[in-house]
Ligand code: ADP
Ligand code: MG
């Protein structure tokens, strides 16, 4: 790597543009080199107008037949329309806002080349605001006669100028980059060296397959993707190797405790539950910490698995901690654990933020003195003031609600390494799980308890509200209960709160005689608990709630759910919400209410929910539509944002990277072989977030 070259000194930049580029994170020529195109246009061939179809973005060339829109007063139409004909057809180029000087570029009878996205208007092709390619440029290698890059917008830098800057950068600096992977690895993955890759990604060669560049599947793009995924897999392999060396208290099961647990099961375990219990018990018996992720769709029955693990810990006289993301959920687990352990000398304890200070202190004391065996709680568990006597097992429910740091804080509560079971109902697609939880072993409950009736889901609009309310009325009359869920707009919790309060009032009017409750994030824990309790016991039959009911809440009598503004939710989140109904033996319905302008598009997206109840399929769909960044937990997972790589699109490279990282870690963990010096340098550079293949400027917008 050479010394950084300030962007200001790149030909054509200067102080003003340098400032604009800097605000996008581009400060050096090297930053610019890693600021990649978001798309490509194939401008190698002028396309006859007759061959145009909507959606193409290509150059066309022809004679100017007319120029209209010029000179009309400022009340007249401000649209500039230039009609161009090439002997095969006509096309209209339109500008809706334009500088008067633009007019001077068009003279009737002259030849012009324009390039833009083709649309059809009354069967006539048009282009809006196309790029004008002047005659001199037909030999210009930057904008014309090639596959040209289209960069993400940089405010204050016109696209053509940006393209020219990038051209200069690539000409001078691409070849100075140093490849870090040995040629053997490049050959194995089928990718060219870094220098060539960088040059081609910006300005594909003449023989390039434009389509593959557009799909980010060209070998040159794969080279950069590979680098990023390799670094990720290397870091994960390291973490994993670390836990294998640590020690933990072995907690082997024995006949007696297993029989005791079996006698107490309120139902037969499903095959999947039995399988994951076996996996967990096997881990617990080892003198190394268990690090296991338990994935199971909403309602698949993860809680009982956690209870079994906690019972095994109790048998060994050590403490277990179960951490849940909300008070409601902690309280629910606590009650279930109490019931299932009734009659045994197991001291199940709830550490609730809702307790008065004095009692809370008493609970803390019991935890410290080892008078509490199984401790259930929220984040309160990982507070400074909480110390355990001999914590040996940690369970984190709804893992995606916690960050890695919180996971680590719980682990620190043990004297030596904890056995850790993290549970999640967010069905994380396999590819994403590998990266997010690459340091965890994964168990999956892929089977629902018998007798569950799938929830009928319907995407509805405001026009259907009468029918929806009718359904609610019927279910409540029958002894059922209903949820009405409102989105929480994070920017303005106040507005959300006002909406929730208003909705509750409106529903009280619409359903006279029905107990309507309100649940939102601003309420005190005690208030929430009380409301939830009244809903559970039937005192309230209709619960208006923000998304606090999303996780884990279990009220089997609830058979109807209405999600307001369903279009504002991610599909996976809707799936979680929907899991609050359909928990009993009666058929349930979930109405996804959509409204507003984007109605149709939203309905199309949401219709997936009508077609499938498979959380994994829904999650894949979500990942495809919204990308991994929006996935619960990804942002805070401690894993750097991926800039080039896309976990769905690049799954095959991800696996190659994993394989190669694992091999290297076995054969040369310190990367001290001369052949691996480059990789060592590359990884070190990424760690310090220096230049090079680090995701400095984001080229995704
Ligand atoms: P989740 O995986 O979403 O946390 P829970 O553990 O809350 O699911 O279980 C959902 C419901 O299913 C609970 O009412 C629980 O008692 C019940 N349940 C769990 N496992 C079984 C089973 N094997 N057979 C019948 N019901 C079960
Ligand atoms: Mg749960």
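Within region 240-278, how many residues turn out to be closer than 30 Å to residue 662 by Cβ and either within 16 Å of ligand 1 (Cβ to nearest atom) or outside any helix (DSSP H, G or I) (or both)? Reasoning before the result, please.
Initial filter on region 240-278 (closer than 30 Å to residue 662 by Cβ): 240-252, 272, 275-278.
This time we only want the ones that are either within 16 Å of ligand 1 (Cβ to nearest atom) or outside any helix (DSSP H, G or I) (or both), so: 246-252, 272, 275-278.
Total meeting the criteria: 12.
Tell me, which strands (runs of 3 or more DSSP E) lie completely within region 469-545 with 3 or more residues that are touching a strand residue (DSSP E or B) at 6+ places or on another chain (Cβ under 6 Å), closer than 22 Å to residue 574 by Cα and at pLDDT 90 or above? Quick ask: steps written out before the conclusion?
Values: elements: 481-485, 516-519, 542-545.
Counting at least 3 such residues, we get 481-485, 542-545.
Is it the case that residue 291 is under 30 Å from residue 683 (Cα atoms) and away from ligand 2 (no atom under 16 Å from the Cβ)?
Numbers: under 30 Å from residue 683 (Cα atoms): yes; away from ligand 2 (no atom under 16 Å from the Cβ): yes.
So residue 291 fits the description; yes.
Going by the structure shown, is residue 354 in contact (Cβ under 8 Å) with a residue 24 or more places away in the chain, more than 16 Å from ligand 2 (Cβ to nearest atom) and assigned to a helix (DSSP H, G or I)? Even if it seems obvious, please write down each step before you answer.
Details: in contact (Cβ under 8 Å) with a residue 24 or more places away in the chain: yes; more than 16 Å from ligand 2 (Cβ to nearest atom): yes; assigned to a helix (DSSP H, G or I): no.
Answer is no for this residue.
Quick one: residue 178 ticks every box in (1) part of a loop (DSSP other than H, G, I, E, B); (2) surrounded by 20 or more Cβ atoms within 10 Å (Cβ to Cβ) except a single one, so which number is it?
(2)
How about region 295-329: which of its residues are within 29 Å of the chain's Cα centre (by Cα), in a helix (DSSP H, G or I) and more than 13 Å from ligand 1 (Cβ to nearest atom)?
Taking region 295-329 and keeping what is within 29 Å of the chain's Cα centre (by Cα), we get 295-306, 321-329.
Next, only the ones that are in a helix (DSSP H, G or I) stay: 303-306, 327-329.
If the condition is that a residue be within 29 Å of the chain's Cα centre (by Cα), in a helix (DSSP H, G or I) and more than 13 Å from ligand 1 (Cβ to nearest atom), then 327 is the only one that fits.
Is one or more of the residues making up region 280-294 surrounded by fewer than 16 Cβ atoms within 10 Å (Cβ to Cβ) and outside any loop (DSSP other than H, G, I, E, B)? Don't jump to the end; show me each part of the working.
So in region 280-294, the residues surrounded by fewer than 16 Cβ atoms within 10 Å (Cβ to Cβ) come out as 282, 285-288.
Keeping just the survivors that are outside any loop (DSSP other than H, G, I, E, B) gives 282.
Checked region 280-294: at least one residue is surrounded by fewer than 16 Cβ atoms within 10 Å (Cβ to Cβ) and outside any loop (DSSP other than H, G, I, E, B).
I'd like to check which strands (runs of 3 or more DSSP E) are fully inside region 1-120 and have at least 3 residues that are at pLDDT below 90. Break it down into steps so the answer makes sense when it comes.
Values: elements: 39-42, 57-68, 80-85, 90-95.
Result: empty, no element qualifies.
Yes or no: residue 371 surrounded by fewer than 20 Cβ atoms within 10 Å (Cβ to Cβ) and either more than 27 Å from residue 527 (Cβ to Cβ) or touching a residue at least 40 places away in the same chain (Cβ under 8 Å) (or both)? Spell out how you get there, then give the answer.
On the way: surrounded by fewer than 20 Cβ atoms within 10 Å (Cβ to Cβ): yes; either more than 27 Å from residue 527 (Cβ to Cβ) or touching a residue at least 40 places away in the same chain (Cβ under 8 Å) (or both): yes.
Answer is yes for this residue.
Only one of (1) in contact (Cβ under 8 Å) with a residue 40 or more places away in the chain; (2) assigned to a helix (DSSP H, G or I) fails for residue 344. Which number is that?
It fails just one condition, (2).
Scan region 316-332 and tell me whether some residue there is closer than 18 Å to residue 266 by Cβ, modelled with pLDDT under 95 and within 16 Å of ligand 2 (Cβ to nearest atom).
Yes, because at least one residue in region 316-332 is closer than 18 Å to residue 266 by Cβ, modelled with pLDDT under 95 and within 16 Å of ligand 2 (Cβ to nearest atom).
Would you check which residues across region 160-183 are out of contact with any helix residue (DSSP H, G or I) (no Cβ under 7 Å at 6 or more places or on another chain), without any contact (Cβ under 8 Å) to a residue 60 or more places away in the chain and within 18 Å of residue 11 (Cβ to Cβ) and list them?
If the condition is that a residue be out of contact with any helix residue (DSSP H, G or I) (no Cβ under 7 Å at 6 or more places or on another chain), without any contact (Cβ under 8 Å) to a residue 60 or more places away in the chain and within 18 Å of residue 11 (Cβ to Cβ), then 160, 162, 163, 167, 171 are the ones that fit.
Counting only residues that are farther than 21 Å from residue 304 by Cα and modelled with pLDDT under 80, how many does region 408-426 have?
Count: 1.
Have a look at 252, 266, 219 and point out the one that is farther than 30 Å from residue 643 by Cα, surrounded by fewer than 21 Cβ atoms within 10 Å (Cβ to Cβ) and away from ligand 2 (no atom under 16 Å from the Cβ).
Working: 266 fails: away from ligand 2 (no atom under 16 Å from the Cβ); 219 fails: farther than 30 Å from residue 643 by Cα.
Unique residue meeting the criteria: 252.
The values are calculated or read from the model by the stated rules, or taken from the named source; none is laboratory data. None of the values given here were measured: they were computed from a predicted structure. Heads up, the Cβs are rebuilt from the backbone with ideal geometry, glycines too, and the neighbour counts pull from every protein chain shown.
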